[in-house]
Amino acid sequence: MRYIRYRTDTGVYYGALRSDGIHRLAGDLFERCTSALALDPFRETGVLDDPSHIRILAPCRPSKIVAVGRNYLDHIREGGGDDFTPEPILFIKPSTSVIGPEDPIHAPEFVKRLDYEGELAVVISRTAKNVRACDAKEYILGYTCLNDVTARDLQNSDGQWTRSKGMDTFCPIGPCISDECDPLRAGIRTTLNGRVVQESDASYQHWNVYALIECITAAMTLLPGDIVTTGTPAGIGPMVPGDVVEVTIEGIGTLRNTVV
């Protein structure tokens, strides 16, 4: 199933995306209530929304995005390295960096080089702490596309990655949350103005999504709606205002944004 979060004239909803339209769901997929009277958020309400009359939003509202650096050897080599680190390199993108499909990526005037980084991202379904890799599937609602927008010049000059990767609009996600994606093999493609600039698949990741969840939850708690993003393959490059960047992942769809 593919789930989207969207806005209509009457409010913001989650829906199940099917061939005949968007089947509106009863509630927020990430709210948890102990009341026996609470509605199942996955229950269909019977309302069918027309895709041409809605605005697709970011598919979740994470408390944090836990990102992984240097998880593809070809990307490490294009940055001048030659091997993986002993453990995953983790960093945080704040919730304020999140935007949805078709939302503009803002290029700050003080940034001299702004890069795209297409990535497969995992959406967490329930509170996760000290989760073993073999149990990680039980904590995953699905997968989405993510662009780890990076101010490359600041990343290099700062010596750490918070500012360069955490600015407003630097985390486009979407267009949906899909459980139809194979996170171990899914093809990943990034295009810039229609030209393919990144093309790989998840099998080239050094640490797969399940290993990453084990590593991350040993250190911190993941909450419902949080995102774990899995690193970018080779082919990173600059974007400038007016450019259109698209991240397409097999089993999910295409995330499209324009730089302004």
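The values are calculated or read from the model by the stated rules, or taken from the named source; none is laboratory data. Keep in mind it's a predicted model, so treat the numbers as computed, not measured. All Cβ positions, even for glycine, are placed from backbone atoms using ideal geometry, and neighbour counts span all protein chains on display.
For region 45-56, check the following and say yes or no: at least one residue is buried (at least 20 other Cβ atoms within 10 Å of the Cβ), at pLDDT 90 or above and either closer than 30 Å to residue 237 by Cα or of a type in the set (Asp, Glu) (or both).
Checked against the condition, which is being buried (at least 20 other Cβ atoms within 10 Å of the Cβ), at pLDDT 90 or above and either closer than 30 Å to residue 237 by Cα or of a type in the set (Asp, Glu) (or both), region 45-56 yields at least one hit.
Go over the candidates 180, 214 one by one and state the one that is assigned to a loop (DSSP other than H, G, I, E, B), of a type in the set (Asp, Glu) and either touching a Phe, Trp or Tyr at 6+ places or on another chain (Cβ under 8 Å) or in the same structural domain as residue 117 (by TED's automatic domain parsing) (or both).
On the way: 214 fails: assigned to a loop (DSSP other than H, G, I, E, B).
The conditions single out 180.
Looking at (1) of a type outside the set (Val, Ile, Thr); (2) assigned to a loop (DSSP other than H, G, I, E, B); (3) without any contact (Cβ under 8 Å) to a residue 12 or more places away in the chain, which is the only condition residue 62 fails?
(3)
Would you pick out the residues in region 218-260 that are within 14 Å of residue 143 (Cβ to Cβ) and more than 17 Å from the chain's Cα centre (by Cα)?
none
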